[in-house]
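Read-outs: derived from the displayed coordinates by stated rules, not from any lab. All of these numbers come straight from a predicted model, not from anything done at the bench. Glycine gets a Cβ as well: all are built from the backbone with ideal geometry, and neighbour counts include every protein chain shown.
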Number of protein chains: 2
Amino acid sequence: MVDGFETYLDTHAGEAQLLLERLCSQPSIAAQHLGMAEMAELVESLLVGAGFNTRRLCVEGAPPAIYGEQRGSSPYTLLLYNHYDVQPAEPLELWHSPPFEPTVRDGKLYARGVSDNKGEIAARLSAFRALRGTSGELPVTIRWIIEGEEEVGSPHFEAVAERYADLLRADGCLWEGAGFDVAGRPTLVLGTKGLLYVQLDVQGAGTDAHSGSAPILPSAAWRLVEALASLRAPDGRVRIPGFYDAARSPTPAELEALADQTDMETEMRRAYQVDAFVDGLTGMALRKRQAFSPTSNIAGLLSGYTGEGVKTVLPARAMAKMDFRLVPDQDPQDILAKLRAHLDAEGYGDVRVSELGSAEPVVTPFDDPFVQRVIGIAESYAGQPPSIAPIIGGTLPLLGALRRHVGVPGLSAPGNPGYWASGAHAPNEHIRLDDLARAVRYNCHMFAGLAYGCCIVS
Amino acid sequence: MVDGFETYLDTHAGEAQLLLERLCSQPSIAAQHLGMAEMAELVESLLVGAGFNTRRLCVEGAPPAIYGEQRGSSPYTLLLYNHYDVQPAEPLELWHSPPFEPTVRDGKLYARGVSDNKGEIAARLSAFRALRGTSGELPVTIRWIIEGEEEVGSPHFEAVAERYADLLRADGCLWEGAGFDVAGRPTLVLGTKGLLYVQLDVQGAGTDAHSGSAPILPSAAWRLVEALASLRAPDGRVRIPGFYDAARSPTPAELEALADQTDMETEMRRAYQVDAFVDGLTGMALRKRQAFSPTSNIAGLLSGYTGEGVKTVLPARAMAKMDFRLVPDQDPQDILAKLRAHLDAEGYGDVRVSELGSAEPVVTPFDDPFVQRVIGIAESYAGQPPSIAPIIGGTLPLLGALRRHVGVPGLSAPGNPGYWASGAHAPNEHIRLDDLARAVRYNCHMFAGLAYGCCIVS
């Protein structure tokens, strides 16, 4: 059996942190085409070091996805998904240490990507090294794909999944991962929201002008503000006709899972530095809103002069970046068409809409055998049932392509060392180092448990 | 008599351009505290070189205003106003040559400030050098103040005018100047709009968040968009209660002047690169809107991620810069109070409003003797009556202080080499070099005319 890995972990305590610091020292911002080739190389070399046969899955226009395969002692085949790209680090001035210089403070490791999701790459690598170091081989066959465009909406994953579907087939898939909650319960995630990411551009006059001409010239900034205001009521409800039509109601099993979740409100308020959530929501109402409400979010706004002091300019251009998070069974292309139709109908035909990314919502049903098996492993590890999210606010843009071309059931399990206050996508992203050790240990149990059954904790 | 200056001008043809290139090579961006000390030094040295006794008018917190005085052969005393600061040069990527490297292309000189208003400083300096070079002295006594904060709303001019009122008294004042229109008519400007410049800041959650939390967290960007949308109807009408209360109607003389203006619509459409003006305005309706409509303009918008590609962030902060251009007899402090009251009444008490600058509208009446005298000189120079703007969209923030503490009547006359397409405040600001020569010549006539009467053209 494989429980000997505990000894390995005790004698190699700093290994996962070293791996993680190497991963986080290399910038890899897909949106800015920064460091992607170097990062692909680093990831591939680390997979080789953990015993994988690797290859690069290439499609035109994308940084290569790194693929690794390693045969295990049981016939069970598990697909793992991660991404080696990270979000941009801006606003840089809010970081207390440079985002690409991993820094330990008070038992926490700070760096862009340390939680989302290089931490999980390191935790998985470390688990494989431990399992091999203990038994000489892995308990299950692992197929691992690590792409480089998750944070820009995985625009080429469709092509990758289609071309390399045979490499990706497996009995189950562990997506980019979840963690443990404040009560020490493992959290499982069965679904992610869909996403439509667009940029709205408005052109007013052909050139910036002295604002003294404001009475007689078109204003790009006002036009954008008015177009945006037409999209959403102040109470948050999206005004685009038909926006909610395809949103299905939560099932009884989903509502039951929400009701059984650990109360994380205090931690979430502290993490986001808010006194209360919108509309004073709490309890089940808060959980339902978070899980099953689609949103229209303004991710960026830019027009005219934004520097220090005063500039009296009438800007010629204005821009907004928006993301719509979608619930089952909303379709991003349908929402895009409705957005365009709404703007046209409201007289904003001149507002240009460019799609920068899209993903469909994906949910794995509770009664899938893979789901039931992972629930059992999680419970046996923790001695209490996991806290299960039927769907989370985040998006894994690749899941739709994976479902269509590969058809493997999947979920997120606690292999990621991040926690509720990690600040993914925000300044000062970090993990707690204790959580990293736990993630490695959990991963070992998970991989072993899938091979031998659920009761591997002594 | 002084008409000998024509000979001087012919033999010193490049002098004004050289002076102007020196002035424009030195950045002097008040908003960014860039190059102000160096610019003050350069201006003072050029005034000394043109025969002025200079001193620095200092008040705490401001770059020094440069003051020069030179006694003339007649008792007439003329006050001149200019400013040595310029607008920020952003967006830099739209400039075809660096903004602080004066560059000649196709008979035009490109640089930030070349039109607004270093061109006029150069044209006045050059006129004084010509008049002295011809007669050994100036025809009138000149008092010249050149401040360094006009483009940030002249926040310290009130203190300067109060402390140094005795130095500024004169029979009339030529403000920062006007030019010639497309028909070759001199243009006179009798008034400028008031200004209220504010920054609106909104804080949502305490930190940027992953946009997957958008269903339950406050959004600073949406909050700002909604607050802005409450301020203005899509037709441009300002919704702040009482905003228009103090706006007086144009007088018959003002309407008559508007009707007599040269038609500049083609040139303006070309300069702003628009097919039409707002609401399809043309003719008198266009002129009335431009002259007598107060505006609320969005000069800048910023929130979240504005770089390349995709970042799925829920930004914690959002900011807008706004300028309100005001007509007689609107008062900027009254408008500020009404803006605050409106936001509070609409439920936007959390939207922070910071005043970054203000100025009252100032108009000199048609029947002022100084106005009549300048009209006569302009007509005698051009052989046709000037085109007169009772009020323009721009603002000279110092005029209120000048009126209160000094009381000298003023206007803008064609001493500025800029033209309707100069792009003041915009990228690729430029003048036509032929206009620079004309501005110098006109200034010579103007100064001589004020001393000796209006008929100095042979």
In deg cm²/dmol, rounded to the nearest 500, the helical mean residue ellipticity at 222 nm of chain A, built from -39500 (n - 2.57) for every DSSP H run of length 4 or more, is -10000 deg cm²/dmol
Any idea how far the Cα center of region A:163-241 sits from the one of region A:392-414, in Å? 20 Å
Let me know the shape class of region A:1-146, please: from the alpha-carbon gyration tensor, a ≥ b ≥ c as square roots of the eigenvalues, rounded when a/c is under 1.5, otherwise prolate if a/b is greater than b/c, or oblate. oblate
Would you work out which of B:GLY349, B:VAL59, B:PRO91 lies farthest towards the positive end of the dipole of chain B, given +1 charges on the beta-carbon of Lys and Arg and -1 on that of Asp and Glu, about the Cα centre? B:GLY349
Nothing charged except the Cβ atoms of Lys and Arg (+1) and of Asp and Glu (-1): what's the magnitude of the dipole of chain B about its Cα centre? Round to the nearest 20 debye. 100 debye
Please give the contour-minus-distance gain from B:ALA233 to B:ASP201: 0.36 nm per residue of separation, less the Cα-Cα distance, rounded to one decimal in nm. 9.4 nm
Centre separation in Å (Cα based) which lies between region A:97-154 and region A:285-308: 29 Å
Just how large is the dipole of the protein assembly as shown about the Cα centre, in debye to the nearest 20, putting +1 at every Lys and Arg Cβ and -1 at every Asp and Glu Cβ? 180 debye
Restraint check, A:LYS108/A:LYS193; A:LYS288/B:LYS321; A:LYS288/B:LYS311; A:LYS288/A:LYS338, Cα-Cα greater than 27 Å: A:LYS108/A:LYS193; A:LYS288/B:LYS321
Span from the region B:1-79 Cα centroid across to the region A:1-76 one, whole angstrom: 67 Å
For region B:416-424, in residue order, the Karplus 3J(HN,Hα) values (coefficients 6.51, -1.76, 1.60; θ = phi - 60°; whole Hz; Gly and Pro = x) are 9, x, x, 9, 5, 10, 5, x, 4
Could you identify the residue of B sitting closest to the B-A rotation axis by Cβ and state that distance rounded to whole angstrom? B:ALA229, 2
Positive-pole candidate from A:SER25, A:PRO252, A:PRO102, dipole of chain A, charges at beta carbon: A:PRO252
Can you compute the modelled spin-label distance between B:ALA165 and A:LEU18, with each label point 7 Å from Cα toward Cβ, in nm? 7.9 nm
How about region A:31-118: which GluC sites (Glu not before Pro) there are in a DSSP loop, with at most 10 other Cβ atoms within 10 Å of their Cβ? A:GLU60
Here the relative contact order (percent) of chain A, from C-alpha pairs under 8 Å and at least 6 apart, is 26 percent
What is the sum of charges around B:MET319, taking Lys and Arg as +1, Asp and Glu as -1, for the other residues whose C-beta is under 11 Å from the C-beta of B:MET319? +2
Under 1.5 on a/c is rounded, so check that first for the protein assembly as shown, then, if it is not, pick prolate when a/b is larger than b/c and oblate when it is not; a ≥ b ≥ c are the square roots of the alpha carbon gyration tensor eigenvalues. prolate
7 Å along Cα→Cβ for the label point: how many nanometres lie between A:SER97 and each equivalent label in the other copies, listed shortest first? 5.0
Inter-chain Cβ neighbour average for residues A:268-276, partner chain, 10 Å: 5
Mean Kyte-Doolittle of at least -1.0 plus a Cα span of 18 Å or more along the axis: flag which DSSP H helices in chain A meet both, please. A:36-49, A:118-135, A:332-345, A:369-382, A:433-452
Among B:GLY307, A:VAL152, A:THR262, the residue whose Cα sits farthest towards the positive end of the charge dipole of the protein assembly as shown, when +1 is placed on the Cβ of each Lys and Arg and -1 on the Cβ of each Asp and Glu, is A:THR262
Relative contact order (percent, whole number), region B:361-434, Cα cutoff 8 Å, 6+ residue spacing: 27 percent
Based on Cβ point charges of +1 for Lys and Arg and -1 for Asp and Glu, what charge dipole magnitude is obtained for region A:233-349 about its Cα centre, in debye rounded to the nearest 20? 480 debye
Remind me, relative contact order of region B:297-441 in percent, using alpha carbon pairs under 8 angstrom and six or more residues apart? 16 percent
